[in-house]
Amino acid sequence: MKKNSAFKTIFVCFIAALIPALLLLNGIQSRRYTKLENQVHGLEKKQRELVEKNKQLITEISILSSSDRIEKLAGDGLKMHKAESSDIVRVEVDGGKREQ
């Protein structure tokens, strides 16, 4: 009976030591989860900001590359005009080899 009683005592001590250890592990895991959750929220916020910035840049590209704007810049700023058909010279390049 002493063996059974000693086994019971060791088992109870083991369980008594295991409970705080498990609570400690639970606390550590909870802290890690909270830290990772905060990182995820930060990354999601940054992603939303980058998507918004990307939309703004796409809008700016559309505005800057519009044909009306380019035509106005060419005419006003660079003093360019549309070519008349008489101003256009066509050049054909023969694909053959030259004789020397």
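The values are calculated or read from the model by the stated rules, or taken from the named source; none is laboratory data. Please read all numbers here as calculations on a predicted model, not as lab measurements. With ligands, DNA and RNA removed, areas are computed over all heavy atoms of the protein, side chains included. Shrake-Rupley method; radii C 1.70, N 1.55, O 1.52, S 1.80 Å.
Mind checking which lysines have their Cα closer than 27 Å to the Cα of LYS55? Skip sequence neighbours fewer than 8 apart in that chain.
LYS55 reaches LYS45, LYS46, LYS72.
What is the mean projected area of the alpha carbon convex hull for the chain, to one decimal in square nanometres?
Numbers: hull surface 84.6 nm².
Over all viewing directions, the chain projects a mean Cα-hull area of 21.1 nm².
Share of the chain's accessible area from carbon and sulfur, percent, 1.4 Å? Show your work: numbers first, answer last.
Working: 6300 of 10450 Å².
Of the solvent-accessible surface of the chain, carbon and sulfur hold 60 percent.
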